[in-house]
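I have placed the structure first, in the form of structure tokens, so that the comments after it can refer back to it.
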Amino acid sequence: MRRQALATIKPAPTTHSGLWLDRFLQDEGGNEDAKTKAKASLVEQVAGLQVPALYTHFYNRWAISLKQAAATCRTATVQGRMIVGLGNTSPIETSICLHHTYGVPYIPGSAIKGLVATYARQQLGDDWAKGSETKAETPLNAYQTMFGHPESAGYLTFFDALYIPNSSQPLAIDLMTPHHMNYQQGNSLQAPTDFDSPNPVAFLSATGSYLFAIGGAEAWVNAAFAILDKALIEYGIGAKTSSGYGRMKLEPPPRDTNQDALEQFLADFNRLRPNQFASQIGRYIQQWRELGGIKQKREAAETIIKMARVVMREKDLLTKPWFSELITFIEQHS
């Protein structure tokens, strides 16, 4: 009775992809061809489902929460197709990682951390060796510092990478065609030949762009993204990477307007001649006050003080309000 009732239900454009994939495989009897067609039909239905409208609101809240957590975010786009979670439990024997609430593909943070760690161990030299599983090195090497150890937490947090709304249709129909099923499953002692019948298997793969986020100390976050950039291109993420799946292009970080303003300020200030310092310093102090970013303002303040101590006597500097202002700022933000 349950199967008869399910047979009358058809997916709507807003149907949850993960729920439909897990629960709505039609029963086509014992015939193997019929079962294969039923699985292919299910894959086709799921690939045609739309992203729920509510997902955009969830994604926007997620992006805001990452910003509040001071995580660094970068966008990466799938170059072709990607499959994360192919071996997960599924009624059609192939699966894909879908968000539990919204049914859109995503990349677990554990998969991202694992990819970065694997690439670091295999490509970056002795300081990135995994080391002992039971005893941490003293001091910790780069690998143990970034990824952690049973005796020490890692410096970084790898967040899930979420699908960016409207970057593409997130799911697509894909096909693999094993030709030697009986031999590969151990059901035949006869060697495979070109006369074996192909057995097409439909499965889902993902496309689109994803928001990657890593939290932690800035220098280590930048190092992790540099490794991730290479790993996504050279290794790929998820399943079937040897066949070209899972390759992604990490977009460069957005330009830092505060850093651009600092570079322009320093380029102008460093052209200042010593005999012009006293007459021009008021203008540069006003420009310094207008700079954005604590790090940038501190660097500019240190540059001004360095030149001031070259062209002016220390006892004269101590009488200048602007000098005291710069010194106080540096002390407060050291």
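The values are calculated or read from the model by the stated rules, or taken from the named source; none is laboratory data. Just so it is clear, the structure is predicted and the values come from calculations on it, not from any experiment. Here Cβ is always computed from backbone atoms with ideal geometry, including for glycine, and neighbour counts include all displayed protein chains.
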| query | Which of the following residues is part of a loop (DSSP other than H, G, I, E, B), buried (at least 18 other Cβ atoms within 10 Å of the Cβ), assigned by TED's automatic domain parsing to the domain that holds GLY154 and aromatic (Phe, Trp, Tyr): TYR102, TYR55? | reply | TYR102
| query | What residue, among those in segment 241-267 that are within 22 Å of the chain's Cα centre (by Cα) and in a helix (DSSP H, G or I), is surrounded by the fewest Cβ atoms within 10 Å (Cβ to Cβ)? | reply | SER242
| field | Residues being hydrophobic (A, V, I, L, M, F, W, C) and either out of contact with any Leu (no Cβ under 9 Å at 6 or more places or on another chain) or not assigned by TED's automatic domain parsing to the domain that holds LEU272 (or both) - total across segment 286-326 | value | 8
| request: Keeping to segment 115-168, report how many residues are surrounded by 15 or more Cβ atoms within 10 Å (Cβ to Cβ), outside any loop (DSSP other than H, G, I, E, B) and at pLDDT below 85. | output: 1
| query | Where in segment 287-334 are the helices (runs of 4 or more DSSP H), entirely inside, with at least 2 residues that are under 12 Å from LEU262 (Cβ atoms) and acidic (Asp, Glu)? | reply | 294-311
| said: Residue pairs, Cβ under 6 Å, 6 or more apart or interchain, first in segment 225-247 and closer than 16 Å to PRO108 by Cβ, second modelled with pLDDT of 95 or more and surrounded by fewer than 16 Cβ atoms within 10 Å (Cβ to Cβ). List them. | reply: none
| task | Quickly run through segment 226-240 and pick out the residues that are buried (at least 17 other Cβ atoms within 10 Å of the Cβ) and assigned to a helix (DSSP H, G or I). | result | ILE227, LEU228, ASP229, ALA231, LEU232
| note | Of (1) assigned to a helix (DSSP H, G or I); (2) surrounded by 13 or more Cβ atoms within 10 Å (Cβ to Cβ); (3) outside the structural domain of THR72 (by TED's automatic domain parsing), ARG283 fails just (2)
| Any chance segment 28-43 includes a residue that's of a type in the set (S, T, N, Q), touching a Lys or Arg at 6+ places or on another chain (Cβ under 7 Å) and touching a residue at least 40 places away in the same chain (Cβ under 8 Å)? | no
| task | Looking only at segment 59-69, decide whether some residue is in contact with a helix residue (DSSP H, G or I) (Cβ under 7 Å, 6 or more places away or on another chain), more than 20 Å from LEU21 (Cβ to Cβ), in contact (Cβ under 8 Å) with a residue 40 or more places away in the chain and assigned to a helix (DSSP H, G or I). | result | no
| field | From ALA76, ALA111, ALA40, residue being of a type in the set (A, V, I, L, M, F, W, C) and modelled with pLDDT under 95 | value | ALA40
| message | Can you report the number of residues in segment 268-279 which are assigned to a helix (DSSP H, G or I) and loosely packed, with under 11 Cβ neighbours inside 10 Å? | response | 3
